[in-house]
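Working notes, structure below.
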Ligand SMILES: Cc1cc2nc3c(=O)[nH]c(=O)nc-3n(C[C@H](O)[C@H](O)[C@H](O)COP(=O)(O)OP(=O)(O)OC[C@H]3O[C@@H](n4cnc5c(N)ncnc54)[C@H](O)[C@@H]3O)c2cc1C
């Protein structure tokens, strides 16, 4: 028992100034995105953790903002990880670590696709209903469709039969292997594989393969050939197992409740308006952080929830950036950001029976286009939780990939004009699904990649790292430990990548790795 290694409790007032924060901590976490799961998990085991968030509220890309009675999700709205069984329900589990729970609304359809050549179909929560709909469109591929999606289930069943912790911790790996040898071998087999190769083993029809590309692109922002099979196993199966569930009160509630639980522990603390300027290094070891206001805080371990670029190009002094980062920068590149349109609309705008989440594309060659002519993502969360909008109104969140470079070096007037023109193009395309939408808009807020960079504190507003070339599945994705001793990374720049449930996995794994390194009896 080494619990005496952690610092003794000293509750921090919620309104304390940065300069008055206690100076010594077990762990400092930079950022309160979903990566704050690490803080929650370590707190639950008795470690004293300080979360430093530069913004006013927690959540980062899973945060929210309010306008004229509407509560808008800034990013994510299609939420995995709220199931009530298995081990992959990591958001449910993360909240439970700090005694929190969120009521959710089950979504009967994950996505309604509106794709080129009239390919129109829904991914139902019910697996067989989804397969039947797809097979009806591609009857000659019935066997291939089942073969492909069943392979995704094989991956998922392996993951869902083991506790998802740090793959960098040998004792855990040995324990998991001996309790689930078949699952582990199954995962090892899929770890280096990408979806495209698996899909082509089962499916020949080019139109169906394009659909599989979109099935990947809509969450990995790369086509099937670059999408790791492990991630696809989670997404393609969990939507039918734990399902897609929307948190009551909006997605922002997830991070808010995590932060509440961290505070209520009386042990750890979340400090807002606390922007970290740099990671402090002594004797080639990360020992704390310095905030932009000059406050210096020390910790036995430092965790960065910022993107890999923000961490190693801004926070870690250049002389301490490990050479291995050069290799990472060659393997991965930044994905585009998004142009995000947040609309408050009159209820009569919506056709009866419309689903919550939609993907639109009118030309396969534009799958990855970033000028408004490419893939459009739509969420209408008020169909599940009407409390997010004034009575008789709905939220329509529409976004499409966009590069920050396209919004750079513009005069304020040019910037506004470009933003408005791209928003109009996207809204007019959406009118194929929601006719005359423009007539019913009451509130409109448009965010560009620059907005994402500013408010989400993400390098160029990027959605996250994507492979710069075909890699061996997830094998190249970095885990939580970095080559700078004492510094860890958590979040969507680490294994297994983007998405709230994936980041929660990274959060648990990071906590587990730190617990092992601090020699705390936390996860054995
Ligand atoms: C438009 C959009 C739609 C999406 N849709 C979905 C979806 O439907 N489903 C889904 O699962 N995922 C979705 N995602 C992806 C998902 O939101 C992200 O992968 C996930 O939220 C990333 O979490 P994170 O904790 O890694 O990082 P972030 O959310 O980026 O959190 C990092 C935090 O660190 C803080 N920070 C950074 N630097 C500093 C510093 N120097 N000092 C102090 N604080 C700092 C930031 O302010 C931020 O709060 C979407 C993302 C976007 C942008």
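All of the numbers you see were taken from the coordinates with simple rules; none came from a lab. Not measured: the values here are computed from a predicted model. Note: ideal-geometry Cβ built from the backbone for every residue, glycine included; neighbour counts use all protein chains shown.
Just a few scattered comments:
- Using the rule -39500 (n - 2.57) for each DSSP H run of four or more residues, divided by the residues of the chain, the 222 nm mean residue ellipticity is -10000 deg cm²/dmol.
- Dimensionless Rg/Rh of segment 262-343 - Kirkwood Rh, Rg from C-alpha atoms: 1.05
- Cα→Cβ-extended label distance, 7 Å offset, between residue 368 and residue 105, nm: 3.5 nm
- Antiparallel beta bridges, as assigned by DSSP with both residues in the chain, represent about 75 percent of the total such bridges.
- Cα→Cβ-extended label distance, 7 Å offset, between residue 248 and residue 421, nm: 4.7 nm
- Spacing of the modelled spin labels on residue 330 and residue 157, each 7 Å from Cα toward Cβ, amounts to 4.0 nm.
- Axis of helix 127-137 versus longest Cα principal axis of the chain: the two differ by about 40°, to the nearest ten degrees.
- For the chain, the relative contact order works out to 24 percent when only alpha carbon pairs closer than 8 Å and six or more residues apart are counted.
- Segment 338-398 and segment 254-317: distance between their alpha carbon centers, rounded to Å: 35 Å
- Using a Förster distance of 22 Å, the FRET efficiency for residue 409-residue 483 (Cβ separation, nearest 0.05): 0.05
- In a fully extended conformation the segment linking residue 16 and residue 444 would gain 150.5 nm over its present Cα-Cα distance, using 0.36 nm per residue.
- Computed over segment 454-524, the ratio Rg/Rh where both radii use C-alpha atoms and Rh is Kirkwood: 1.01
- Angle in degrees between helix 500-517 and the longest Cα principal axis of the chain, rounded to the nearest 10: 20 degrees
- Exposure proxy order (Cβ contacts within 10 Å, fewest to most) of 195, 27: 27, 195
- Computed over segment 336-461, the alpha-carbon pair-distance distribution with 10 angstrom bins reads 13, 43, 33, 10, 0, each value a whole percent.
- Shape category assigned to segment 140-231 from the gyration tensor of Cα positions, a/c cut at 1.5: prolate
- The C-alpha atoms of the chain define a longest principal axis, and helix 229-241 lies at about 70 degrees to it.
- Measuring between their Cα centroids, segment 462-505 and segment 123-200 lie 20 Å from each other.
- Share of pairwise Cα-Cα distances greater than 19 Å in segment 398-456 is 33 percent (whole percent).
- Fewest neighbouring Cβ atoms within 10 Å first, the residues 354, 79, 203 line up as 354, 203, 79.
- At an R0 of 41 angstrom, the distance between the Cβ atoms of residue 207 and residue 177 translates into a FRET efficiency of 0.50.
- Taking the C-alpha atoms of segment 187-281, convex hull volume expressed per residue in Å³: 221 Å³
- For the chain, pairs of C-alpha atoms spaced more than 31 angstrom apart make up 44 percent of the total.
- Straightening the chain between residue 296 and residue 319 buys 6.3 nm, computed as 0.36 nm per residue apart minus the Cα-Cα spacing.
- Gain on full extension, evaluated as 0.36 nm per residue between residue 354 and residue 128 minus their Cα-Cα distance, stands at 79.3 nm.
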